[in-house]
């Protein structure tokens, strides 16, 4: 158990809908990262928040957004969902930012029908 | 471009043998490397890390070797066990940024 929690574990929704994925980092960690894992793209970095502020952005679609709250938990919002958004979404956390280990949560499996 | 590639997509070994999983990275400015293990239906699990100022690091039954000259990283697992069966990813960080760039992964299968 990494100490990172994610909810929900599974999510099934329809195209065009909007969903919110939730992540609680390990106790004391200030950085939260979101990654998408799909069969054809592998593990791809989406976005990082550090102590409430956006720190780095990767291959995140404009339809996707995230935020980190004062209690350091984070939410990833996915809107106007398409079939191709079906994937595993992982959250990771680390104490600060930069060259340090990121610990991953169990993921949310999203299926868009 | 940004890429961390693995030489072998699958590796099958006999229980008790040593396993070697390889990874080639493209960015010579990479500062930090991590090996993760991912079991089916689970998130990536940290195994071992190494910084660019080192060429070898050992953990419990695992060793990571870094060859910066040829931009190559390897993970050695001693006395491989059935519980080691999983997909192994190498990942890199460069420019002191936080984002991890993952390789495609190698599936390790341990035969009893």
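What the table shows:
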read-out	value
Ranked by how many other beta carbons lie within 10 Å on average, peptides B:105-112, A:104-111 from highest	A:104-111, B:105-112
Mean separation of Cα contacts under 8 Å (6+ apart) over length of segment A:26-101, as relative contact order %	38
Sequence-separation-based contact order of chain B, relative, with Cα cut under 8 Å and 6+ spacing, percent	38
Peptide A:104-110 - average C-beta neighbours from other chains (10 Å radius)	3
Alpha carbon convex hull of segment B:60-112, volume per residue in cubic angstrom	111
Protection proxy ranking, peptides B:86-94, A:43-51, average beta carbon neighbours within 10 Å, highest first	B:86-94, A:43-51
Neighbouring partner chain Cβ atoms per residue of A:42-51, average, 10 Å criterion	4
Label-point separation in nm, residue B:109 to residue A:54, each point 7 Å along Cα→Cβ	4.4
Average other protein chain Cβ within 10 Å of Cβ, residues B:31-40	2
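Quick note: the coordinates plus some simple rules give every number you see, no bench work behind them. Because the structure is predicted, anything quoted here is derived from the model rather than measured. Glycine gets a Cβ as well: all are built from the backbone with ideal geometry, and neighbour counts include every protein chain shown.
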